[in-house]
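Participant: A single structure is presented below for examination.
The values are calculated or read from the model by the stated rules, or taken from the named source; none is laboratory data. This one's a predicted model, so the numbers in the text were calculated from it and none came from an experiment. Every residue, glycine among them, receives a Cβ derived from its backbone with ideal geometry; neighbour counts consider all protein chains shown. Heads up: the accessible areas ignore ligands, DNA and RNA and are worked out on the full protein's heavy atoms, side chains in. Shrake-Rupley method; radii C 1.70, N 1.55, O 1.52, S 1.80 Å.
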Amino acid sequence: MSTWREQPALIPEEQIQHRHEADVVVVGLAHAGSAAARAAAEAGAKVIGIEEKKEKTYSVWGADVGHINSKFLETRGVPKVDPIDYYNEIQRRAMGRANPGLMMRFAQKSGENFDWYTDMVEDWSGVSTAMWPGGKKFDGEMAGFRFWPGTAKFGMPGGRNPFGGPPKEGKGGPGGPGGPGGPGGKPDMPGGIPDKEEMLPPQPGQGMSAKELVEDVKIHPSLLGLCRANQQKAIDLGGEMYFGMSAENIIKENGRVTGIIAKDAATGEYHLFRAKKSVILAAGGFAGNKEMLEDLLPDFKGLFCEGETWPRSMGRKGMAIKLGVWAGGKLENGPIATMGGNFNLPRGFNCTMGQLWLDPRGKRFCNELFGGPEIAGMQGQQMKHGTYYNIFDSNIAEDLEWAVPAHESFDFGDRTGRGGMEGGYLNILTEVMEEAKAAGKGGTVGRAPNGPVRIVCGSNMEELLDNAELEGELRENVRRSIERYNEICRAGRDDDFGKDAKLLRPLDQWPLYIQFNEFNYVGRIMCTCGGLLTDENQNVVDVNYDPIPGLFATGNCCGRRFGPQYSTPTSGISIGVCITLGREAGIEAAK
């Protein structure tokens, strides 16, 4: 049994130097916690929020907020979505394991709560709508899965680009956010799970004061600014926010959770935060805690080859989940959903819009467009590690018109390009195709939207294989795989892997292009998306499924939101769910 499940001894009364009291205490002040604090305050509760990060280095991660039916989306011309259809698609992807009450509440209220959370924004010109407008051919469904646009994409404070500014090398600068667990613009963190407090490099806006951020968000909407602005709404109603506070104990008296003991990182002094009504746990997942990863994600460990271990992660350290378990809370049954780490797929300048994917042996291995990258990419994690190949022809623009509005998809709606890439995705793709054509043997290396990619070009089969420097059995396998794929497309039926007939177009418009992807993402998790079991009001339940009085969990420490795998009908709904259900938790906790 892992030691993390055992609560440390309670800090003795005589060591507690500071005592505070409120109706609701919120642990964690990112997207969900900030929404919960404001909502509880607006419901009439006296609120205290505590956050482990120091105020000087306080930051939040992400750029996309997925949701449906907001006034914001209506102003952009995004069509309304039937919440019942949306809810059923969420449950289909979760294999029925998502909490029906929670996810129906998200489907019904995500637009309303998004508008509420962003009601201080005055100028929306700096916020784009991802994948809108999308591909002209996409008809809403792919391989039985349904997708909808509905993602608000935010910049950084001061109107800065969220992914690193102008290009530094190659095409596209530092790259975009990629998808869950992909390379993108995320920091490369090899070497295992860190012990330091700050697991991310300094983010733009950290040098701005809370007051400056609250003012800045009105004209330069950012997720960091929105968190601070919503915290300020709670402060204006009598709330208090404490940063640099590391929760150490959870207090439970006569079966009810009544408070938190936290340590001030700056002074080493202990604070007791009493909650007359409720404690809301909102301090994120456990991707930054190796012991918890080993314990709660045994399916991930099974993916490692000999000598591999957990790469360094971006995630939180699991304190909210620890506190819930220490109070008697029950964990959801595994597997627990994560963003990345358990899937691998060939990315490229066509993003993950898969025409033909080949494994390290040069053989096709799956339906490249089955359910989005989180599902299609599951096949690549349980195969030999090495170089994967993403192949398309000179008529790629036609294929991309089928692109789904999903993670890592080709974004026709991005007219400026992520990561400072000027000209948008389509122009960048066209430019790199020309560069690969001119480069000849060995091709060229550039920054695709999802990270660095080598791409080669050939005007016929032999030239393509020569320029790709493929030899022996691998060379023949790639040749046969392309020829076999073309046979399937001409037949109009994929008896090998079941790709939709509407997508079967032969790769016969020369030149052809091969993109190279090294397998190196196993275990590389952006964040975990599950944990404590709750009822439909996010009241944590005990081992007998009875609600624990005074204890709520929201955000990435709340279980049963995505089932066994993070897969969504709209990109970015992780933060969308945090905002929506964070507000709902605050309302419930204040009762």
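Participant: What chymotrypsin sites (Phe, Trp or Tyr not before Pro) in segment 255-355 are in a loop by DSSP, with at most 13 other Cβ atoms within 10 Å of the Cβ?
Facilitator: Listed in order of number, the matching sites are Phe304.
Participant: If amide hydrogens are placed 1.01 Å from N in the peptide plane, which non-local residues have theirs closer than 5 Å to the one on Asn249?
Facilitator: Here Ile261 satisfy the definition.
Participant: Same structure, new question: What part of the accessible area of the chain, given as a whole %, is carbon or sulfur when the probe is 1.4 angstrom?
Facilitator: C and S fraction of accessible area: 49 percent.
Participant: Which percentage, to the nearest 5, of the DSSP beta bridges contained in the chain is antiparallel?
Facilitator: Antiparallel bridges make up about 70 percent of those DSSP assigns within the chain.
Participant: Which value, in Å², gives the accessible area per residue of the chain when a 1.4 Å probe is used on the protein heavy atoms?
Facilitator: 37
Participant: Enumerate the amide H contacts of Gly150 below 5 Å, restricted to partners 5 or more residues apart or on another chain; note that Pro and chain-start residues carry no placed amide H.
Facilitator: Here nothing satisfies the definition.
Participant: Can you bin segment 332-486 into rounded, prolate or oblate? Criterion: square roots of the alpha carbon gyration tensor eigenvalues sorted a ≥ b ≥ c, rounded for a/c under 1.5, prolate for a/b above b/c, oblate for the rest.
Facilitator: Because a/c hits 1.5 or more and a/b fails to exceed b/c, segment 332-486 counts as oblate.
Participant: Continuing with this model, one more query. Loop only by DSSP, 13 or fewer other Cβ within 10 Å of the Cβ. Give me the GluC sites (Glu not before Pro) in segment 66-155 that pass, ordered by residue number.
Facilitator: Those satisfying the criteria are Glu122.
Participant: For segment 337-351, just list the computed ³J(HN,Hα) in residue order, Karplus coefficients 6.51, -1.76 and 1.60, θ = phi - 60°, integers in Hz, with x standing in for Gly and Pro.
Facilitator: 5, 9, 9, x, x, 10, 9, 8, 8, x, 9, x, 6, 8, 6
Participant: Loop only by DSSP, 16 or fewer other Cβ within 10 Å of the Cβ. Give me the GluC sites (Glu not before Pro) in segment 326-418 that pass, ordered by residue number.
Facilitator: Those satisfying the criteria are Glu401.
Participant: With a point put 7 Å past each Cα toward its Cβ, work out how far Glu253 is from Arg475 in nm, to one decimal.
Facilitator: Placing both labels 7 Å along Cα→Cβ, they lie 7.9 nm apart.
Participant: Considering the values (i) 46, 37, 21; (ii) 43, 24, 22; (iii) 54, 30, 26, which represents semi-axes √(5λ) of the Cα gyration tensor in Å as calculated for the structure under consideration?
Facilitator: Identified label for the calculated read-out: (ii).
Participant: Quick one: 3J(HN,Hα) in Hz for segment 371-386, Karplus 6.51/-1.76/1.60 with θ = phi - 60°, rounded, Gly and Pro as x.
Facilitator: x, x, x, 5, 9, 4, x, 4, 5, x, 7, 10, 9, 4, 6, x
Participant: Counting only residues 5 or more places away or on other chains, whose amide H sits under 5 Å from the amide H of Lys54 once H atoms are built in the peptide plane?
Facilitator: Amide H neighbours of Lys54, under 5 Å, 5+ apart: Gly244.
Participant: Rounded to whole Hz and in sequence order, give me ³J(HN,Hα) for segment 75-81 from the Karplus expression 6.51 cos²θ - 1.76 cosθ + 1.60, θ = phi - 60°, writing x for Gly and Pro.
Facilitator: The phi angles translate into 5, 8, x, 6, x, 5, 10 Hz.
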